[in-house]
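What follows is a short report on a single structure.
The values are calculated or read from the model by the stated rules, or taken from the named source; none is laboratory data. Owing to the predicted nature of the structure, the values given are computational and were not obtained by experimental measurement. Backbone-built Cβ (ideal geometry, glycine too); neighbour counts: all protein chains shown.
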């Protein structure tokens, strides 16, 4: 990135730095919340309601983190590689971070690491990754320039094949060397 691009906010967005900063900043916020002494937010609410609200907050929190990492990693993806590495990377980062937070809570006074909370963090990571996958599959405009060019070339090849078949001309076929003909 040139010095001129570093001053241009739209260049930062194009380069994907904003998405990386957002993902890391959100991780810092989650770490700050996870590693501080617990504060009763619900006051006089019954213990079961408070526990349900506390446990239920893990899923959307980690779903958002996984979604942010999917967006950040998508920016650095090669146009010739599918989205699977993006999803696996985002899921791995989010689940690893959630497990690390639960392990670190053992050392914070008043906090305990919980397998249930770790599981809920993982569920949130899967939900966020699935949401990102659904958005990419639904929206064609989320393709990278390389994917758009490749899709255009494929459409043009198919158009030529269809027009050649309707006009009665045969396209050049690759000789099948060493392949027996069917009777």
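A Cβ distance below 7 Å, combined with a sequence gap of six or more or placement on separate chains, defines the contacts here; from the stretch 74-93, residues that are in a loop (DSSP other than H, G, I, E, B) reach residues that are modelled with pLDDT under 80 and surrounded by fewer than 12 Cβ atoms within 10 Å (Cβ to Cβ) in the pairs 79/145. Does residue 113 fit the bill of being surrounded by 11 or more Cβ atoms within 10 Å (Cβ to Cβ) and at pLDDT 80 or above? For residue 113, the condition - surrounded by 11 or more Cβ atoms within 10 Å (Cβ to Cβ) and at pLDDT 80 or above - is met. Here residue 95 meets each of (1) out of contact with any helix residue (DSSP H, G or I) (no Cβ under 6 Å at 6 or more places or on another chain); (2) closer than 21 Å to residue 55 by Cα; (3) modelled with pLDDT of 90 or more; (4) surrounded by 11 or more Cβ atoms within 10 Å (Cβ to Cβ) with one exception, condition (1).
Listed conditions (1) modelled with pLDDT of 90 or more; (2) under 30 Å from residue 148 (Cβ atoms) are all met by residue 100, apart from (2).
When residue 50 is tested against (1) surrounded by fewer than 15 Cβ atoms within 10 Å (Cβ to Cβ); (2) modelled with pLDDT under 70; (3) over 29 Å from residue 132 (Cα atoms), only condition (1) is not met.
A single member of 127, 136 is modelled with pLDDT of 90 or more, part of a helix (DSSP H, G or I) and either within 14 Å of the chain's Cα centre (by Cα) or over 18 Å from residue 67 (Cα atoms) (or both), and it is 127. The single condition from (1) modelled with pLDDT of 90 or more; (2) over 20 Å from residue 20 (Cα atoms) that residue 63 fails is (2). Just one of (1) at pLDDT 70 or above; (2) surrounded by 13 or more Cβ atoms within 10 Å (Cβ to Cβ); (3) more than 20 Å from residue 19 (Cβ to Cβ) fails for residue 45. It is (1).
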